[in-house]
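The values are calculated or read from the model by the stated rules, or taken from the named source; none is laboratory data. The shown structure was predicted, so the numbers you read here are calculated from the model rather than taken from an experiment. When we count neighbours, we look across all protein chains shown, and the Cβ atoms used for this are built from the backbone with ideal geometry, even at glycine.
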Amino acid sequence: MKRSALIILGLIALSITAKAQDEKFKALFMYNFTKYIEWPQNKQSGDFVIGVIGNPAIVGELNAIAQRKTVGSQAIKISMLKNLTICDYDYI
């Protein structure tokens, strides 16, 4: 009985760890993606804003990257968005 409970707890811990790793990989992919885009000259100044809709778990990982990395010479800013519109962003 104790062994079964221990195995179940171990599997839950592995699942939680795997989910955390998932978010790290997604955030790293998003950051690396920015390196392969040729951004227009008029978009290469100010902050580089990454807007997140619907996955608040990834925000922490993106913020960790933003503290130590840049996109070109631009600082990275992470923003949670309520919705996305063509002309305006509604920041939370």
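Here is how the numbers come out for the structure above:
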item: Residue within segment 51-59 that is touching a strand residue (DSSP E or B) at 6+ places or on another chain (Cβ under 9 Å) and part of a strand (DSSP E or B) present; result: yes
item: Residue count for segment 60-80, restricted to those that are in a loop (DSSP other than H, G, I, E, B) and at pLDDT below 90; result: 2
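A quick yes/no check of all residues on (1) over 30 Å from Ser73 (Cα atoms); (2) at pLDDT 85 or above:
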{"residue": "Ala5", "(1), (2)": "yes, no"}
{"residue": "Thr17", "(1), (2)": "yes, no"}
{"residue": "Phe33", "(1), (2)": "no, yes"}
{"residue": "Trp39", "(1), (2)": "no, no"}
